[in-house]
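One structure is given below, encoded as structure tokens.
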Amino acid sequence: MKIGTSYKQHGIEGTYDVIVIGSGIGGLASAALLAKHARKRVLVLERHYTAGGFTHTFHRPGYEWDVGVHYIGQTQPKALLRRAFDEITNGALEWADMGEVYDTILIGEDRYEFRAGRENWRRRMHAYFPKETRAIDRYLELVERCVKSSQLFFAEKALPTALAAILGPAMRYPMMRLGAKSTLEVIRELTDDSRLLAVLTGQWGDYGLTPADSSFFIHALVTNHYFEGGAYPVGGASRIAQAVLPLIEAAGGKVMTLAEVDEVLVEKNTAVGVRLADGAVHRASTVISDAGVANTLGRLLPSDVASRHGLDRSLNRVEPSLAHASLYLGFKKTAEQLGLGKSNLWVYPDEDHDSNVARFLADKDAPLPVAYLSFPSAKDPDFENRHPGRATVEVVALAPYDWFQKWEDTRWKKRGAEYENLKSTLTHKMLRALYGQCPALEAELDHCELSSPLSTRHFANFANGEIYGLAHTPQRFAERWLRPKTPIRGLYLTGADICSAGVGGALFGGVLTVSSLLGKNMVKTIARRPRTAPRPAASKPREAHAA
């Protein structure tokens, strides 16, 4: 189902207070909060055929798959992230809990379950590593300390420039004490047990960097995010964008698809609107970009403006995150008939994540350093209503962009035998990882389709096919310019690049942007609002979900 209004079919009429470039969750959240709290008419422009960014889904006959929402934490009724989702959807989103075990780490023949509930998680880790209980407890303390320090760290990003210059160092310092170190450095100070290190960092794919390269800050945020368990949107990932759009439209706003922005218009150091790829100009007093920092400052902003403020030099100090391949599989049986569980499976050849990735990057014939197995049809109680008698599975693996770069200017299905052979090799490896854990699936496979980093480049417009925007290194978090307000008046940034990885990080990127723009603490506003009453659980098909 396509979400939004086609620009090519309907055009853009009227005037708007704010233009948002990109309809990822950061852009949609910014638009919804401005509509709800400031009655702003917001025009959201999306280059893709449907709104939602990495929250959208795609279909093939009889099937649908998410492209970026595999599970979300902190959706319990009192959790701040749940309140934020309720705020931008008026409580229209329903969540299906994944149950007792949300992630399973598989290293060789060994299995390690991540159980919902911090104390359940602790007890389980103690049982796996009885000689390392003190290290595990200390690790949990450091994660908690890092997460608490994030409140001041992110709040500083929304402060007015002059105030941030005065208070910023003190607000950032508590986080940077740990965030300036790699995940590997911090955990190695607690334990020499390599297997424990491998298990504690078994979710590194959720933020896209191995222990030696990632900031402990992002590791702590992601680990903590799931401690109380995982959940999946009832009705599929596309329900997120569907549920946000009514708030934007209620204030006179619009979400337009197939509307690619070519340039941010700047006059006298003030953003005054955008020029679309077809040459059409649309003006507004505020422009918010959810197109990613690299795209916004390196491509959409006039080069002389970016250079005048040193933004081109700032971009050179950060790097893109890793690229990936996703294998989308369909089966003509239900998840229950196939015995599929809800827990994600992280499959590793051995315990040395960093060496495994380095070996794979150097030699594409090396074993996969990680295979992430997700079972969306098992997680979504409404899937059977939309696609009776069917099930879906996704396998995600690392796939460096430079392997595919020479085909970046070619068309889908027109890239030749060498490209197809590369995809076939990856597909075979990913299927082996799946069948090694779920052997019964091999005889039941009905549909198999691999997306390469070129798909991410095409749909998300990220130059290197990166899935997480900017890499979550210690250097990235040290960059003070990664904040909503830019040196160009009226131009703001939003999304994961100014906050952190994932749907939750991108959503709070939107919250920070609106806080900065309105001069209002939107986190406090969201936290204090009475929780929206939950909607009834889905048990029947909805028209909005028809494939």
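May I ask for the net charge around residue 210, where only other residues with Cβ less than 11 Å from the Cβ of residue 210 are counted and Lys, Arg are +1 while Asp, Glu are -1?
Summing Lys and Arg as +1 and Asp and Glu as -1 gives -3.
Indicate the gyration tensor shape class of region 212-285 (rounded, prolate or oblate), computed on the Cα atoms with a ≥ b ≥ c the square roots of the eigenvalues: a/c under 1.5 is rounded; otherwise a/b larger than b/c is prolate and the rest oblate.
oblate
Taking neighbour counts of Cβ atoms within 10 Å as a proxy for exposure, in what order, fewest first, do 473, 89, 161 appear?
Lowest count first: 161, 473, 89.
Points 7 angstrom from Cα along the Cβ direction at residue 312 and residue 418: gap in nanometres?
Label-label distance for residue 312 and residue 418, simple model: 3.2 nm.
Classify the chain: rounded, prolate or oblate, from the alpha-carbon gyration tensor (a ≥ b ≥ c, eigenvalue square roots; a/c under 1.5 rounded; otherwise prolate if a/b is larger than b/c)?
rounded
If neighbour count is taken as other Cβ atoms inside 10 Å, put 445, 200 in order from fewest to most.
445, 200
For region 289-360, which trypsin sites (Lys or Arg not before Pro) are both in a DSSP coil and crowded by at most 13 other Cβ atoms within 10 Å?
Those that pass, being in a loop and sparsely packed, are 317.
Summing +1 for each Lys or Arg and -1 for each Asp or Glu, what net charge is found among the other residues whose Cβ lies under 12 Å from the Cβ of residue 123?
Within the 12 Å Cβ shell, the charges total +1.
Mind listing which GluC sites (Glu not before Pro) in region 129-220 are in a DSSP loop and have 15 or fewer other Cβ atoms within 10 Å?
The qualifying sites are 189.
Please list the non-local residues whose amide H lies under 5 Å from the amide H of residue 288, H modeled 1.01 Å from N, same-chain partners needing a gap of 5 or more.
19, 20, 21, 492
Quick check: net charge around residue 99, other residues with Cβ under 12 Å of its Cβ, Lys/Arg +1 and Asp/Glu -1?
Charge balance in the 12 Å sphere: -1.
Could you list 435, 226 so that the one with the fewest beta carbons within 10 Å of its beta carbon is first and the one with the most is last?
435, 226
Report the Cα centroid-to-centroid distance between region 476-495 and region 31-76 in angstrom, as an integer.
When both Cα centres are located, 22 Å separates them.
Identify the chymotrypsin sites (Phe, Trp or Tyr not before Pro) of region 84-155 meeting these criteria: DSSP loop state and at most 12 other C-beta atoms within 10 Å of the C-beta.
When the chymotrypsin sites (Phe, Trp or Tyr not before Pro) of region 84-155 are filtered for loop state and at most 12 Cβ neighbours within 10 Å, nothing remains.
Could you calculate the FRET efficiency of residue 131 with residue 185 from 1/(1 + (r/R0)^6), where r is the beta carbon distance between them and R0 is 25 Å, rounded to 0.05?
Rounded to the nearest 0.05, the efficiency is 0.70.
Where does the chain land at 222 nm, in deg cm²/dmol rounded to the nearest 500, when only DSSP H runs of n ≥ 4 count, each adding -39500 (n - 2.57), divided by all residues?
Mean residue ellipticity, 222 nm, calculated: -11500 deg cm²/dmol.
Mind listing the phi-derived Karplus ³J(HN,Hα) values for region 460-477, rounded to whole Hz, using 6.51, -1.76 and 1.60 with θ = phi - 60°, and x for any glycine or proline?
Ordered by residue, 3J(HN,Hα) equals 9, 6, 8, 4, 10, x, 6, 8, 10, x, 6, 5, 8, 8, x, 4, 4, 6 Hz.
Laboratory data are not the source of any read-out in this text; all were calculated from the coordinates shown. All of these numbers come straight from a predicted model, not from anything done at the bench. In this analysis, Cβ positions are derived from the backbone assuming ideal geometry, glycine residues included, and neighbour counts consider all displayed protein chains.
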